[in-house]
Amino acid sequence: LAGSSQFMLKFHYIRLFLSFSVMRGISEGVLMVTGIILIVEILAYLGIIQLVRGKLWKRRVSVLYWSATIILITFWLIAFLDPEKIRRTSDYRFFYFIIFTWTLNFIPKVLWSVFFIFSLLFRLLKNKIRSEVILLSGLVLGTGVMFTLGLGILAGKKVIRTEEIELKIPALPEGLNGLKVVQLSDLHLGGMGNDRFLRRCVDRVNSMDPDLILFTGDMVNNYHQEIDGFKGQLKALRARYGKFAVLGNHDYGDYTDWDSPADKERNFSLILEKIRGSGFRLLLNQSSQVRVGD
């Protein structure tokens, strides 16, 4: 509080830097997010360092904390400072890794920052013990959230959840009673890396012995090449009365910058060709009749 005037002066310089950077073509959104990240990092650090005893340990924790922070911010800027980089890639693993590490880093520190601000009230009231209890509680909670998020991201992405819904339709013909429809959606094949997860999905679907398989969009992120290497597994999907597909927003290739309209059209045509080549009947503003018995 005593240094509020100095803080405002620094804030003024930060605003000047942001304005200058934006004029130089750097993404304003990325810089704004980076500014928020820095504020959270500073508040989290101030909360953590108050719990550390001894000058030597404070120095060690400070070096470790800010070294890790600088590395993370550097990778964040490399990944997202140039929006064209992500719009032109067909391999998203680097971006997924950055998002993963930043989720584990940033969300717990937001909690630490909130607890630090709350602890300042007791510190102003000269109640140091309660202030440190609040800081320690925030540290424990934030660390627990970090491990929970990490487990959820690493293990959760491997989980295949089947949601079964029984539809009761009074006027349904007897011949359609018990018809089993499996809906799949949003595979985004370009983000898989290999076909292990898709193979498990196919095994799960086929074990249900479906009558119809309906794929409801977003086979890829942007590019037709993303389907390469997965066509065998997609062909292995089996349904008694056929497999049908429609396009999702990503399948149109609108989330990348093309050198020419012809390149975009060629990519789109190849996506259609490869979806059809995977054994799906692709419906483009169309309908189709399926005959079941009589």
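The values are calculated or read from the model by the stated rules, or taken from the named source; none is laboratory data. Predicted model only: the values in this text are computed from it and were never measured. Glycine gets a Cβ as well: all are built from the backbone with ideal geometry, and neighbour counts include every protein chain shown. For accessibility, only protein heavy atoms count, side chains too; no ligands or nucleic acids. Shrake-Rupley method; radii C 1.70, N 1.55, O 1.52, S 1.80 Å.
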* Asked: Within the stretch 242-278, which residues are in contact with a Lys or Arg (Cβ under 6 Å, 6 or more places away or on another chain) and open to solvent by 40 Å² or more (accessible area, probe 1.4 Å)?
  -> ASP257, TRP258
* Asked: Within the bounds of the stretch 103-114, is there any residue that is out of contact with any Leu (no Cβ under 9 Å at 6 or more places or on another chain) and open to solvent by 70 Å² or more (accessible area, probe 1.4 Å)?
  -> no
* So which helices (runs of 4 or more DSSP H) stay within the stretch 48-159 end to end and still have 2 or more residues that are more than 30 Å from ASN222 (Cα to Cα) and not hydrophobic (A, V, I, L, M, F, W, C)? -> 55-80, 93-124, 128-156
* Asked: Of all the residues that make up the stretch 186-204, how many are surrounded by fewer than 17 Cβ atoms within 10 Å (Cβ to Cβ), in contact (Cβ under 8 Å) with a residue 12 or more places away in the chain and of a type in the set (Asp, Glu)?
  -> 1
* Scanning the stretch 210-232 for residues that are modelled with pLDDT of 95 or more and open to solvent by 10 Å² or more (accessible area, probe 1.4 Å), which turns out nearest to the chain's Cα centre (by Cα)? -> THR216
* Asked: Can you find a residue in the stretch 22-31 that is touching a Ser or Thr at 6+ places or on another chain (Cβ under 8 Å), within 30 Å of HIS224 (Cα to Cα), at pLDDT below 70 and open to solvent by less than 70 Å² (accessible area, probe 1.4 Å)?
  -> no
* Asked: What residue, among those in the stretch 136-156 that are open to solvent by 50 Å² or more (accessible area, probe 1.4 Å) and among the polar types (S, T, N, Q), is nearest to the chain's Cα centre (by Cα)?
  -> THR148
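Working carefully through the options ASP263, ASP209, ASP251, find the one that is closer than 29 Å to THR162 by Cβ and assigned to a helix (DSSP H, G or I). Even if it seems obvious, please write down each step before you answer.
Numbers: ASP263 fails: closer than 29 Å to THR162 by Cβ; ASP209 fails: assigned to a helix (DSSP H, G or I).
Being closer than 29 Å to THR162 by Cβ and assigned to a helix (DSSP H, G or I) holds for just one of ASP263, ASP209, ASP251, which is ASP251.
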* Evaluate the stretch 279-292: report whether one residue or more is open to solvent by less than 60 Å² (accessible area, probe 1.4 Å), at pLDDT below 95 and within 28 Å of the chain's Cα centre (by Cα). => no
* Structure fact -> With criteria (1) at pLDDT 90 or above; (2) of a type in the set (Lys, Arg); (3) within 26 Å of PHE100 (Cβ to Cβ), LYS180 comes up short on (3)
* To do: Show the residue pairs that are 6+ apart or on different chains and have beta-carbon atoms under 6 Å apart, the first residue being within the stretch 165-180 and touching a residue at least 24 places away in the same chain (Cβ under 8 Å), the second being of a type outside the set (Val, Ile, Thr).
  => GLY175/GLY293; LEU179/ASP211; LYS180/PRO210; LYS180/ASP211
